[in-house]
1. Within the stretch 108-133, which residues are in contact with a Lys or Arg (Cβ under 9 Å, 6 or more places away or on another chain) and not small (Gly, Ala, Ser)?
2. Out of Asp147, Asp140, I need the residue that is crowded, with 17+ Cβ neighbours inside 10 Å, under 17 Å from Arg58 (Cβ atoms) and in contact with a helix residue (DSSP H, G or I) (Cβ under 7 Å, 6 or more places away or on another chain). Which one?
3. For the stretch 103-137: of the residues being in contact (Cβ under 8 Å) with a residue 12 or more places away in the chain and polar (S, T, N, Q), which is surrounded by the most Cβ atoms within 10 Å (Cβ to Cβ)?
4. Do we find a residue being closer than 18 Å to Glu24 by Cβ, of a type outside the set (A, V, I, L, M, F, W, C) and in a strand (DSSP E or B) anywhere in the stretch 146-154?
5. So which residues in the stretch 78-102 are among the basic types (Lys, Arg) and free of Cβ contacts under 8 Å to residues at least 60 places away in the same chain?
6. On the basis of being within 26 Å of Pro193 (Cβ to Cβ), over 16 Å from the mean Cα position of the chain (by Cα) and not in a strand (DSSP E or B), does Val57 make the cut?
Amino acid sequence: MTPATTRATTVLKPGEPVVLPPAEKMSFEIEAGQRLKLTQPDGEQVADLISFNRDDVRELLSMHSSRAVNLNWKLTAPHLLYSNRTREMWKIEEDLTGENYCGGGYCSEHLNVTRYGEKGKGAPNCQCNLETAIRGYGMDRWNFNIDACFNIFMTVAYDQDGVWEIRPPKGKPGDYMVMQALMPQIVAISNCPILFNSCNNFSLKPLVVEILDR
């Protein structure tokens, strides 16, 4: 497949942090060996991340492959994240919060309406954000699925009685994650806009995105 044309929403220059405002989205490219840093300046904010092999966008991040290879559902440093072809995509080098949801998924209008009723109609959501972020590459909603999404800094509890629950995030002001890209990638991030549950502790905050100097 021909490499995707550069149509990212943002060009990240190493060493130059970019603030991603509350509820906003972005896409960018990263080279193999470069390191991505995501910071919560105010804490308690979730980032939904998907990524694609830049040279063949049919290959994308997979939470299923990542859990299966690591034999772990609490992925953090120093775990590797894998693609849907079970190839290495990312290495988590640092993770100060140490809490991420690795089951895949993102908020969407249809999910919000089903769970929260009429107020979910037209409300900002991560599915729409991610689709908008990758549109410049000629991709749309059907180029990714819930398995592709890494919910960074998100807290989900599995109780002994089977209850699955989104709980307030544990990120503190200044907490960050650093991941090394293991192949050239197109990355899209949604600064999660959900206010219907405690995902972001009912308050939307910025994120800082940076490619670190090598």
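Quick note: the coordinates plus some simple rules give every number you see, no bench work behind them. Keep in mind that what you see is a predicted model, and the values were worked out from it rather than measured. Please note: Cβ atoms are built from the backbone with ideal geometry, for glycine as well, and neighbour counts cover all protein chains shown.
1. Those that are in contact with a Lys or Arg (Cβ under 9 Å, 6 or more places away or on another chain) and not small (Gly, Ala, Ser): Glu109, Asn112, Val113, Cys126, Gln127, Cys128, Asn129, Leu130, Glu131, Thr132.
2. On the way: Asp140 fails: crowded, with 17+ Cβ neighbours inside 10 Å.
Answer to the check: Asp147.
3. Across the stretch 103-137, the extreme among qualifying residues is Asn125.
4. For the stretch 146-154, residues closer than 18 Å to Glu24 by Cβ, of a type outside the set (A, V, I, L, M, F, W, C) and in a strand (DSSP E or B): present.
5. Hit for the stretch 78-102 is Arg85, nothing else.
6. So Val57 fits the description; yes.
Results for (1) acidic (Asp, Glu); (2) under 20 Å from Ser190 (Cβ atoms), shown as yes or no for each residue.
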| residue | (1), (2) |
| --- | --- |
| Pro78 | no, no |
| Arg85 | no, no |
| Ile92 | no, yes |
| Cys102 | no, yes |
| Ser108 | no, yes |
| Asp161 | yes, no |
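Conditions tested, residue by residue: (1) among the polar types (S, T, N, Q); (2) under 17 Å from the mean Cα position of the chain (by Cα).
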{"site": "Met26", "(1), (2)": "no, yes"}
{"site": "Glu31", "(1), (2)": "no, no"}
{"site": "Arg35", "(1), (2)": "no, yes"}
{"site": "His64", "(1), (2)": "no, yes"}
{"site": "Ser108", "(1), (2)": "yes, yes"}
